[in-house]
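Visitor: Quick one: the structure is below, and I'll ask about it shortly.
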Amino acid sequence: MLDTLFKPKSVAIIGASQKALSIGNVITRNLLKYEFKGPIYPINPKADEICGVKAYPSVLDVPGDIDVAHLSIPAKFAPMAIDECGKKGIKFVIINSAGFKEVGPEGQAIEDEVVARAKKHGIRVFGPNCQGIINTDPEIKAYCDFTFTFPEPGHVSIVAQSGGVGAVFMQNIHDLGTGMRFYASNGNACDISIPEILRYYGDDEKTRVIILYVEGFSDPKEFMEAAREVAAKKPILAMRAGRTKEGAKAAFSHTGGLVGVGLSTELIFKKTGILVFKDQEEMCQAAMAFASQPVPRGNRVGLITDTGGPAIIATDALIDGGMKIPPLSDKAKEVLKEKLYPEASVHNPIDVLATAQAPHYRAALDVLLEEEQIDSIYINFVTPPFVDCESVAKEMAEVSNLRKKPIVCNYMTDKPQWTGTTEILTSGNIPRYDYAEMAAKAMAALSHYNDLRSRKIGEVVQFDDIDRDTAQKVLREAKDSGRQNLSAAEVYTILDAYHIPAAKWKMTETPEEAANAAAEIGLPVVLKADSEKIVHKSDVGGVKVNLKDAEAVKSAALEMEKKFGSKGLRFFVQEFMPGGKEVIIGAKAEEGLGHTVMFGLGGVMVELMKDVSFELTPIASGEAKEMLTSIKSYPLLSGFRGQKGVDQGKLVEVIQRVSQLVTDLPMIQEMDLNPVIAYEDKALAVDARILI
Ligand code: ADP
Ligand code: MG
């Protein structure tokens, strides 16, 4: 439990100094300035007082108990200081100093020593190389940190691996006039981890929304468990890091890895139900809405406006964000007709007109609260100088504080002049945005969280008709003979063992054998050159499709022999599969995580359109379905303009079987089925590659 860390009754600063620009001094000053509710004990053998507070030579000289001790002394003295803290019975130590793991093996050794000694004493370590924690609770007021923003109490809690990024969020949230609850930036995280902090925030009643910043995971599985647990209870908003690699990955699927590194973080976020943002400002603005507003039940918005243009921009932005703006019921329109000005628009958006007064707004708000098909309320409010805006704001505040449906407001005013109105909106906890787009995005984020929370991903199916031993044996043999790329025969044997359907095939050694095999498979066939030297067969003329008789097969084979030489060349004969839709299903191992699986439209289309979706193993049935439905060209799979769709159930099954295959056999580094040809009633792989 981290309760004592976040709610300390007393804090010591080992290495507090009189030098104004030292970390120990800044932390002492911050605790004083923020009016920490407990005693502060600066520790310094050479000073009697620091920042006007009595100093002690050692923690052992401190008369009272110490809950949290900061260490801002050179790293090499840290292990010794930990021993003293142990003797004093201190339970939490925040090591602000740098010079540990981040500087190399020497620092790593000190860090290890610190961890070992702390464990012996039962001390939990936060950091090292970190900022610390903040608790804004008026009863506590713990500013155990050397940053410079002094937030008001509120409901947003921040946890960031990088202090630099965390501090930006804290400042931004503060600038928005939104309060903060907890802050934590744990740097090297040698002991107290981000998952642990997330869980603590998850259990904290006053935390309504969590802002998270991580760049990587030491233990992805542990993170996922914690994140899934917490995200089910309250929204976690996180930044995408390493986003730009994503664009590249689909395009380069041919030359190697299908999946970029930055992607796995995003997939972890998605799988655990974390809301992902690519813009820091947007994320903080969404946090403002989450901090004060309830989560909507759906994506249907009712708008109230007192000015035309902004409502149009808002409508566009809301639709862009995946929201719906349904018409109002006849009953609602009747009420509005009766209560609004005759010229007012009683549709959605409801235009109350610029001259509207408090009762008009209230009527519109009440109608939207009542409407079954409206989940949230969007207000465009320009403050007309000829209207009693404070009375209008009072109605909005009253409705917002009912917390029945979420409200956001695009507040268009000259803030220094309309302070009274602004204050009333603030008292109503109404999130305010300067621009329609910002308000719309925040509203969409609320709705998106609702989608994530109610997302049904189904079960991870364990197919029991598979033959794992055979697949394992094939892989082991390839490995023992020092090969990374499996031969076609090996690949198809593995597919067969996992009941991943493939077109009928035969591997042959000579043109004559190829011609005979064609007859066995059934004409027409496809002939493919099989050789260790050839990776992309069709690029070099190694694929001949629709060969209609034995003669055609033989002459195609002879031609290939001429082109590639007969040494090491075999002929792969395959059933010809005309007229289906080509899709790609790929997988790639991710360190410590399992595999990422990719789905997209196959062949050259993958590289051209980059229209692909990804998921982490193990893939549940609902997730596999989403992989299909989330690509832009999904209509091509479901049927479009009279064209019949393909057997989606089969594709979903193949994705799940691939997921099980790579999970069962983690030795597989990369695998791709490109293409799988999908028809109305089946889907068959016609080209496959496995890399171990
Ligand atoms: P590579 O990817 O090495 O170039 P493929 O085996 O994927 O070779 O073949 C290239 C293309 O040829 C496929 O994308 C598909 O359009 C077509 N093709 C390959 N095999 C068949 C087949 N059995 N039936 C129909 N078309 C095929
Ligand atoms: Mg291919």
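Visitor: Looking only at residues in the stretch 634-671 that are farther than 22 Å from residue 451 by Cβ, open to solvent by 10 Å² or more (accessible area, probe 1.4 Å) and polar (S, T, N, Q), which one is farthest from the chain's Cα centre (by Cα)?
Guide: Across the stretch 634-671, the extreme among qualifying residues is 643.
Visitor: Could you list all residues from the stretch 407-447 that are open to solvent by 70 Å² or more (accessible area, probe 1.4 Å), closer than 25 Å to residue 233 by Cα and not in a helix (DSSP H, G or I)?
Guide: 429
Visitor: Restricting to the stretch 219-266, what's the tally of residues that are modelled with pLDDT under 50 and not in a helix (DSSP H, G or I)?
Guide: Residues flagged as modelled with pLDDT under 50 and not in a helix (DSSP H, G or I) within the stretch 219-266 amount to 6.
Visitor: Can you name the residue in the stretch 604-625 that is under 16 Å from the mean Cα position of the chain (by Cα) and among the charged types (D, E, K, R) and is also surrounded by the fewest Cβ atoms within 10 Å (Cβ to Cβ) among such residues? Give the derivation first.
Guide: In the first step, residues of the stretch 604-625 are kept if they are under 16 Å from the mean Cα position of the chain (by Cα); the result is 613-617, 623.
Of the ones still in play, those that are also among the charged types (D, E, K, R) are 615, 623.
Details: 615: 23, 623: 25.
Across the stretch 604-625, the extreme among qualifying residues is 615.
Visitor: Is it the case that residue 457 is at pLDDT below 95 and either open to solvent by less than 80 Å² (accessible area, probe 1.4 Å) or part of a loop (DSSP other than H, G, I, E, B) (or both)? I'd like the intermediate steps shown before the answer.
Guide: Details: at pLDDT below 95: yes; either open to solvent by less than 80 Å² (accessible area, probe 1.4 Å) or part of a loop (DSSP other than H, G, I, E, B) (or both): yes.
Judged against the criteria, residue 457 is a match.
Visitor: For the stretch 512-542, enumerate the residues that are within 16 Å of ligand 2 (Cβ to nearest atom) and open to solvent by less than 40 Å² (accessible area, probe 1.4 Å).
Guide: Answer for the stretch 512-542, where residues must be within 16 Å of ligand 2 (Cβ to nearest atom) and open to solvent by less than 40 Å² (accessible area, probe 1.4 Å): 526, 527, 528, 529, 530, 531, 534, 537, 541, 542.
Visitor: Taking residue 575 and the conditions (1) of a type in the set (D, E, K, R); (2) within 12 Å of ligand 1 (Cβ to nearest atom); (3) surrounded by 19 or more Cβ atoms within 10 Å (Cβ to Cβ), which numbered condition does it fall short on, given that it satisfies the others?
Guide: Condition (3) is where residue 575 drops out.
Visitor: OK, next. With respect to residue 79, is the statement that it is outside any loop (DSSP other than H, G, I, E, B), at pLDDT 95 or above and surrounded by fewer than 19 Cβ atoms within 10 Å (Cβ to Cβ) true?
Guide: On the way: outside any loop (DSSP other than H, G, I, E, B): yes; at pLDDT 95 or above: yes; surrounded by fewer than 19 Cβ atoms within 10 Å (Cβ to Cβ): yes.
Yes; evaluated as a whole, the condition is true for this residue.
Visitor: Within the stretch 180-191, can one find any residue that is among the hydroxyl-bearing types (Ser, Thr, Tyr) and open to solvent by 10 Å² or more (accessible area, probe 1.4 Å)? Before the answer, list the steps.
Guide: Filtering the stretch 180-191 down to residues among the hydroxyl-bearing types (Ser, Thr, Tyr) leaves 183, 185.
In the following step, the residues that additionally are open to solvent by 10 Å² or more (accessible area, probe 1.4 Å) were identified as none.
Scanning the stretch 180-191, I find no residue that is among the hydroxyl-bearing types (Ser, Thr, Tyr) and open to solvent by 10 Å² or more (accessible area, probe 1.4 Å), so the answer is no.
Visitor: Could you tell me whether the stretch 606-628 includes any residue that is within 12 Å of ligand 1 (Cβ to nearest atom) and either of a type outside the set (A, V, I, L, M) or at pLDDT 90 or above (or both)?
Guide: Within the stretch 606-628, the first condition is being within 12 Å of ligand 1 (Cβ to nearest atom), and the residues that meet it are 606-607.
From the residues that got through so far, the ones that are either of a type outside the set (A, V, I, L, M) or at pLDDT 90 or above (or both) too are 607.
Checked against the condition, which is being within 12 Å of ligand 1 (Cβ to nearest atom) and either of a type outside the set (A, V, I, L, M) or at pLDDT 90 or above (or both), the stretch 606-628 yields at least one hit.
Visitor: Of all helices (runs of 4 or more DSSP H) completely enclosed by the stretch 301-395, which ones contain at least 2 residues that are surrounded by 18 or more Cβ atoms within 10 Å (Cβ to Cβ) and under 36 Å from the mean Cα position of the chain (by Cα)?
Guide: On the way: elements: 308-320, 330-339, 358-370.
Per the criteria, 308-320, 358-370.
Visitor: Let me ask something additional. Looking at the structure I just gave you, is residue 216 of a type in the set (Gly, Ala, Ser), part of a loop (DSSP other than H, G, I, E, B) and surrounded by 22 or more Cβ atoms within 10 Å (Cβ to Cβ)?
Guide: Spelling it out, it is not the case that residue 216 is of a type in the set (Gly, Ala, Ser), part of a loop (DSSP other than H, G, I, E, B) and surrounded by 22 or more Cβ atoms within 10 Å (Cβ to Cβ).
Visitor: Say we look at the stretch 672-692 and pick out the residues that are within 15 Å of ligand 2 (Cβ to nearest atom) and β-branched (Val, Ile, Thr); which of these is nearest to residue 584 (Cα to Cα)?
Guide: It comes out as 676.
The values are calculated or read from the model by the stated rules, or taken from the named source; none is laboratory data. These numbers were taken from a predicted model, which means no experiment stands behind them. Here Cβ is always computed from backbone atoms with ideal geometry, including for glycine, and neighbour counts include all displayed protein chains. Heavy atoms of the whole protein, side chains included, go into the accessibility calculation; ligands, DNA and RNA do not. Shrake-Rupley method; radii C 1.70, N 1.55, O 1.52, S 1.80 Å.
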